[in-house]
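Everything below concerns the one structure shown next.
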Amino acid sequence: MSDLQAAVAAGVLGAEDGYRSLLQATVEVARAIFSARASSVFMLDDERDELVFEAVAGEGASELIGRGFPSSTGIAGWVLVTRQPLVVDDVTADTRFSQEAAESTGYVPKSVMAVPLLVEERALGVLEVLDRRADARVTLAEVDLLGLFANQAAIALDLLQRGRRARAAFEGRGELASLARVAARIESGEGPQRDAALQLLSALERLVGP
């Protein structure tokens with residue numbers, strides 16, 4: 001499936017702000033549920049080979065969006081590479097923690113909960129919760145709950161990435177820009193009319209070329 005078709009199917013054309021808002025809502029709710037100091041979503045930027053802050057709630061919320069660090073760095077990097085969740089109650093006792101990376105953000109946590117953001121076996125990024133409430137150790141139920149937040153964030157991140165790729169494909173191509181406007185209108189349709197319009201859009205895409 002091409003970027004254009006994927007974008008249309010997912011309803012992402014012109015909706016980047018909406019998906020960013022969904023990511024932001026996810027980290028804010030996660031922070032509130034776990035009574036944490038901060039929560040964030042990192043997106044893997046393949047071109048830069050970095051994990052980039054895409055949404056932040058709590059500590060660093062106003063300064064960190066768009067900043068990144070090498071994708072293999074620290075706990076977030078370990079979670080991304082292994083695709084396994086990780087709970088660290090004392091980061092000073094864990095060799096996977098990167099003091100340097102933490103200090104570069106302006107906030108050094110004491111504890112971290114992190115889960116990978118996966119879509120169809122692709123690792124898109126990482127969701128972290130920093131310095132949750134200290135009255136009890138993390139339970140299996142809480143890890144499962146964090147996994148639900150991760151599922152939501154992964155879907156939003158996937159749609160956001162698809163939309164950005166589609167937008168990049170449209171730049172400098174008048175034909176595709178026109179298709180984008182058509183696609184946006186199609187998304188408001190329903191049933192057979194929408195299906196027929198999608199078929200027409202696919203035919204138009206083949207006409208204007210790869």
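The values are calculated or read from the model by the stated rules, or taken from the named source; none is laboratory data. None of the values given here were measured: they were computed from a predicted structure. Note: ideal-geometry Cβ built from the backbone for every residue, glycine included; neighbour counts use all protein chains shown.
Results, tabulated for the structure shown:
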{"item": "Hits in the stretch 84-109 (condition: surrounded by fewer than 14 Cβ atoms within 10 Å (Cβ to Cβ) and in a loop (DSSP other than H, G, I, E, B))", "result": "84, 90, 95, 106"}
{"item": "Flag if residue 76 is farther than 16 Å from residue 30 by Cα, in contact (Cβ under 8 Å) with a residue 24 or more places away in the chain and not β-branched (Val, Ile, Thr)", "result": "yes"}
{"item": "Any hit, the stretch 131-150, residues being in a loop (DSSP other than H, G, I, E, B), under 30 Å from residue 199 (Cα atoms), at pLDDT below 85 and among the acidic types (Asp, Glu)", "result": "no"}
{"item": "Qualifying residue in the stretch 122-130 (condition: in contact with a Gly (Cβ under 8 Å, 6 or more places away or on another chain), more than 17 Å from residue 36 (Cβ to Cβ) and assigned to a strand (DSSP E or B))", "result": "no"}
{"item": "Pick from the stretch 39-52, criterion over 18 Å from residue 129 (Cβ atoms) and not aliphatic (A, V, I, L, M), ranking: surrounded by the most Cβ atoms within 10 Å (Cβ to Cβ)", "result": "50"}
{"item": "Residues of the stretch 58-83 classified as within 16 Å of residue 132 (Cβ to Cβ) and not in a helix (DSSP H, G or I), total", "result": "2"}
{"item": "Qualifying residue in the stretch 30-42 (condition: closer than 22 Å to residue 139 by Cβ, among the β-branched types (Val, Ile, Thr) and within 18 Å of the chain's Cα centre (by Cα))", "result": "no"}
{"item": "Matching residues, the stretch 11-32, being at pLDDT 90 or above and either out of contact with any strand residue (DSSP E or B) (no Cβ under 6 Å at 6 or more places or on another chain) or surrounded by fewer than 21 Cβ atoms within 10 Å (Cβ to Cβ) (or both)", "result": "24, 25, 26, 28, 29, 32"}
{"item": "Checklist (1) of a type outside the set (Lys, Arg); (2) within 16 Å of residue 130 (Cα to Cα); (3) part of a loop (DSSP other than H, G, I, E, B) applied to residue 55, failing item", "result": "(3)"}
{"item": "Residues (more than 14 Å from the chain's Cα centre (by Cα) and aliphatic (A, V, I, L, M)) located in the stretch 58-69", "result": "61, 64"}
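One line per residue, one yes/no per condition, for (1) over 24 Å from residue 161 (Cα atoms); (2) not charged (D, E, K, R):
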site: 47; (1), (2): no, no
site: 56; (1), (2): no, yes
site: 63; (1), (2): no, no
site: 70; (1), (2): no, yes
site: 85; (1), (2): no, yes
site: 90; (1), (2): yes, no
site: 106; (1), (2): yes, yes
site: 118; (1), (2): no, yes
site: 141; (1), (2): yes, yes
